[in-house]
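This report refers to the structure that appears directly beneath it.
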Amino acid sequence: MLKKAPPLLLIAGLLLASGCGSSSPSQATSSTAAAGAAPEGGAALSADAKSAATGDIPDTQNFLTLRAPRLRVAMLYPEGWTLQEHGSSLSIADKNNLVRISSSGGPPPTAVSVQAQLAALGRSTPGLQAGPARSVALKSGPAVKTTYTTQSAPNPVTGKQVTLTVDRYELAHAGRVAIVDLGTPVGVDNVDAYKRMIESFKWL
């Protein structure tokens, strides 16, 4: 469950210069991933049925540069979205548009290892369905991509559930593994914006 970011963190992110600003969340710890298990922070994303729905990211959306020195990564993110730290990961959100980046020590991911991680998550995450994992080439280097869906808990009043479609990318560099989850509620189109974000990913 995501909570509103502390005011100082929001202010720091929103004061950045348009299109070329940056924010630096406070440092987060790293951990070594166990074989066949996602690194810390690699749990499946899930929407909140109590949160108001949100629409597509507009073509005119301004992006800022997020720099996370302790995670050793940087990436563009939409201006105005909420930043929140979670130990060895950080999240960027606008209602049920959810993005999470986690980083830890570990061996380079493979299609087989990522498939095993999602299978393990499926056993602990009701409603999770994952597609096949495959190797892709990003500007920052090779990565493994898979797509999964999750169901939110039912809304306590309406009983409605929100289905989240998540593109997961796993990247490796110098003994570290980053997991980038980009989640979108079904019916919302964030393809272009999310492509811009993942292509902007850099190791620090």
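For segment 173-180, indicate whether the set of residues that are hydrophobic (A, V, I, L, M, F, W, C), in contact with a helix residue (DSSP H, G or I) (Cβ under 8 Å, 6 or more places away or on another chain), over 20 Å from Ser91 (Cβ atoms) and assigned to a loop (DSSP other than H, G, I, E, B) is non-empty. No: zero hits. For segment 83-114, a residue qualifies if it is buried (at least 17 other Cβ atoms within 10 Å of the Cβ), polar (S, T, N, Q) and not in a strand (DSSP E or B), and the qualifying residues are Ser88, Asn96, Ser113. Right, Thr60: hydroxyl-bearing (Ser, Thr, Tyr) and over 18 Å from Phe201 (Cβ atoms) or not? In short, yes.
For segment 125-140, the set of residues classified as part of a strand (DSSP E or B), out of contact with any Pro (no Cβ under 9 Å at 6 or more places or on another chain) and either within 18 Å of Pro185 (Cβ to Cβ) or free of Cβ contacts under 8 Å to residues at least 40 places away in the same chain (or both) consists of Gln129, Ala130, Arg134, Ala137, listed by residue number.
All conditions but one from (1) at pLDDT below 95; (2) not in a loop (DSSP other than H, G, I, E, B) apply to Glu40; the one that does not is (2). Filtering Thr54, Thr65 for residues that are in a strand (DSSP E or B), at pLDDT 50 or above and surrounded by fewer than 21 Cβ atoms within 10 Å (Cβ to Cβ) leaves a single hit, Thr65.
With respect to the stated conditions, Gly122 is without any contact (Cβ under 8 Å) to a residue 40 or more places away in the chain, touching a strand residue (DSSP E or B) at 6+ places or on another chain (Cβ under 9 Å) and either among the aromatic types (Phe, Trp, Tyr) or part of a helix (DSSP H, G or I) (or both). Mind checking which residues of segment 181-193 are in contact (Cβ under 8 Å) with a residue 40 or more places away in the chain and either part of a helix (DSSP H, G or I) or within 10 Å of the chain's Cα centre (by Cα) (or both)? Across segment 181-193, the qualifying residues are Asp181, Leu182, Gly183, Asp192, Ala193.
The values are calculated or read from the model by the stated rules, or taken from the named source; none is laboratory data. This structure is a prediction, so every number in the text was calculated from the model and none was measured. Virtual Cβ from ideal backbone geometry, glycine too; neighbours counted across all protein chains shown.
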